[in-house]
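The values are calculated or read from the model by the stated rules, or taken from the named source; none is laboratory data. These figures come from a predicted structure and were not determined experimentally. As a convention, Cβ positions derive from the backbone with ideal geometry for all residues, glycine included, and neighbour counts pool all protein chains shown.
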C-alpha cells in the first residue's frame, strides 16, 4: 500500500510540473498585446509653433505582416493596438503620412513609450525661386452672443503659459508623475487677476502646442469665475503651451455681444469660446478688405483649415491653420 501511495504521489508531482512548464511555455511564446500611443506635431524649434496636426495617417506593420493604421485626432493623438512575439524585440517602423507634410518613418521600440512625431511642412522647404504672392489676413476678431446675462462684458484677458518637461523619463516615485505613475512629470501654474471691481466669467484653459494628449488639469480654480483665477496643469511628455482666457464682466448693464481676440503663432491661430456661445463668427481684413466669416457646426474658412475641440469645461477650442497662399500680418 505504501509503494502504491508513493507511486501516486510521484505521478502527481510529475503531472503538476508538466502543467506548470506548459503554462510557462505558453506564457513565454504567446504574442503580447502592445499599445503604441503618441502625438503628431508640426516640426519647429519654437515650442509655441509645435501645434498638433489633424488627420495624419499613422500605420505600422506587425510581426505577422498585418498592417495597422489610424488617423490623428484634433489634439494630434493616435493609438495603435497590435500583438508581437516576445523574442522579436527589434524596433517597429511607424509611418506618418499627410499631404501637406513630408512623410516620416520613425523607428520605435514596442515598450509602451510615449511617441512624439514632428512633421515638416512641405511649403516651408520650397526652392529658392521667387516666392508666390500671399494674401494677407489681419485684424482678426472673434465675436459671438451669450443669452440672458445681467453683466456687461468689458473684454477678455488672454494669457499663455508654458510647461517644460522631458518626455519618457521614468518617474521612480519622484512626484510629480503621470496619472499611471510611470513617467516623470512637471506641474505648471498660472493665474489671472481682474481689475478692481470686476470679475471673471466664462474662463477656459486649453492646450494649444506640444504633445497635448499627455497633459491634464490638476487644479481647477477658474471654471466658477471670480476676481482671481488659478489653474494647475500636469505634463508628462515634452514641453507644452496652454492658453488661459477669461472674460471680464462689470455690473453696469446687460449686453449680448461678446468680443475676443485669437492668439496667433506662425501660421496657426487659436481661440476659445464658452460652451454657451451662439452665432460665432470672425471678422478679418483680407488684403485690407473687411469681411465677416460665420463659423457653423463644421468650422470652415476659405483661407484656413479649422478644427473644433470641446474641453472638459464645455468651452470650444478652435485651431485654424492657414492654407497655402495666405499669411497673417506681422
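Quick look at the numbers
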| item | result |
| --- | --- |
| Test: residue in region 29-41 that is modelled with pLDDT under 85, in a helix (DSSP H, G or I) and either over 25 Å from the mean Cα position of the chain (by Cα) or surrounded by fewer than 10 Cβ atoms within 10 Å (Cβ to Cβ) (or both) | yes |
| In region 184-202, residue surrounded by the most Cβ atoms within 10 Å (Cβ to Cβ) [restricted to those that are under 23 Å from residue 75 (Cβ atoms) and at pLDDT 95 or above] | 185 |
| Qualifying residue in region 56-65 (condition: surrounded by 17 or more Cβ atoms within 10 Å (Cβ to Cβ), modelled with pLDDT under 85, under 28 Å from residue 240 (Cβ atoms) and touching a strand residue (DSSP E or B) at 6+ places or on another chain (Cβ under 8 Å)) | no |
| Strands (runs of 3 or more DSSP E) contained entirely in region 108-175, each with at least 1 residues that are in contact with a helix residue (DSSP H, G or I) (Cβ under 8 Å, 6 or more places away or on another chain), at pLDDT 90 or above and surrounded by 14 or more Cβ atoms within 10 Å (Cβ to Cβ) | 152-163 |
| Scope region 306-330; condition without any contact (Cβ under 8 Å) to a residue 40 or more places away in the chain and within 22 Å of the chain's Cα centre (by Cα); matching residues | 306, 310, 323 |
